[in-house]
Amino acid sequence: YYRGIRDVIPGAKADLAWHGPLAASYTNAYFKENNVNAGYWGDLVHMIDVLNNASDADYATRVPEVINVRQWMRYFAVNTLLGNQETSLATGFGDDYAMFAGVNDPRFLLLPYDMDSILGKGTRSTTYADGLFKMVGAGATAIPALERFVKHPAFAPVYYQQLLELADTLFTPAVLDPLIDRLRLSFTPSAALETSLASMKALDRKST
């Protein structure tokens with residue numbers, strides 16, 4: 001279980017960039033949360049190697065060996081539909097996300113945390129027209145490894161499929177509105193709360 005965090009050491013980013021085969025090149029931005037004493041980083045290094053260095057000829061074959069493609073695309077699709085504005089791998093920053101690689105299934109999974117700015121609310125309340133590929137970043141925060149992955153002809157259809165499936169199921173007003181309504185239980189009733197919940201529902205309708 002790894003956490004990706006930027007700027008713990010100034011300039012370090014967990015942006016899946018290739019920095020060579022030595023584990024020490026990654027310990028400034030990726031932090032092991034279990035099995036720390038084993039000191040094994042080979043799974044992470046190998047995954048990043050494949051995402052960056054697999055040849056065009058075998059990229060589509062090798063990538064599914066190191067990551068769970070469907071789960072990664074679902075992770076990105078959920079963040080896209082939520083309008084996530086928190087820095088994370090899903091929003092084009094090598095920061096604030098986690099990864100898990102199992103024993104029986106060693107393919108990496110992406111795990112969210114720090115979801116404090118979604119559906120137009122939170123510490124970053126501005127909603128942007130980011131399009132569908134915010135995860136690839138731009139300029140100084142560009143993530144070439146993700147751009148190659150999510151736009152690859154073998155994998156982009158999986159992303160679109162996840163967007164469509166979620167938009168037609170979990171993100172429909174019939175499903176999401178009752179979930180948002182249950183947020184009332186955690187707050188003192190007020191006109192401001194009702195306005196906030198209504199705006200979240202409206203943003204969900206725009207995103208889907």
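The values are calculated or read from the model by the stated rules, or taken from the named source; none is laboratory data. Remember, predicted model here, so these are calculated numbers, not experimental data. Please note: Cβ atoms are built from the backbone with ideal geometry, for glycine as well, and neighbour counts cover all protein chains shown. Calculation scope for accessible area: heavy atoms of the full protein, side chains included, ligands and nucleic acids excluded. Shrake-Rupley method; radii C 1.70, N 1.55, O 1.52, S 1.80 Å.
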Residues other than residue 109 with Cβ under 15 Å of its Cβ, Lys/Arg counted +1 and Asp/Glu -1, net out at 0
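Take the eigenvalues of the Cα gyration tensor for the stretch 3-43, scale each by 5, and report the square roots as semi-axes in whole Å, largest first.
Numbers: eigenvalues 57, 32, 13 Å².
Three semi-axes, in Å: 17, 13, 8.
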Descending accessible area (1.4 Å probe), largest on the left, turns 97, 160 into 160, 97
So the number of lysine pairs in the chain with alpha-carbon atoms under 24 angstrom apart, 8 or more residues apart or on different chains, is 10
Asserting the computed 222 nm helical MRE of the chain (DSSP H runs at least 4 long, -39500 (n - 2.57) per run, divided by residue count, to nearest 500) equals -12000 deg cm²/dmol
Restricting to Cα pairs under 8 Å and 6 or more apart, the percent relative contact order of the chain works out to 21
Sorting 65, 86 on solvent-accessible surface, 1.4 Å probe, most exposed first, gives 65, 86
With the 1.4 Å probe rolled over protein heavy atoms, the chain has an accessible area per residue in Å² of 50
To the nearest 10 degrees, the tilt of helix 69-82 (Cα long axis) against the first principal axis of the alpha carbons of the chain is 30
Taking protein heavy atoms only, a 1.4 Å probe, and rounding to whole percent, the accessible area of the stretch 67-208 owed to carbon and sulfur comes out at 63
If N is the residue count of the chain, its Cα Rg over 2.2 N^0.38 Å rounds to 1.09
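Restrict the search to the stretch 149-208; then list the trypsin sites (Lys or Arg not before Pro) that DSSP places in a loop and that have at most 15 other Cβ atoms within 10 Å of their Cβ.
Working: sites: 151, 182, 184, 201, 205, 206; in loops: 151.
Sites meeting the loop and neighbour criteria: 151.
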Gyration tensor on Cα atoms of the stretch 64-116, a ≥ b ≥ c root eigenvalues, a/c under 1.5 rounded, else prolate if a/b beats b/c, else oblate, says prolate
Output for the stretch 16-67: chymotrypsin sites (Phe, Trp or Tyr not before Pro) sitting in coil per DSSP, at most 13 other Cβ within 10 Å, listed by number, reads 40
Connecting every pair of Cα atoms under 10 Å apart in the chain and solving the GNM, the largest mean-square fluctuation among 20, 92, 139 falls on 139
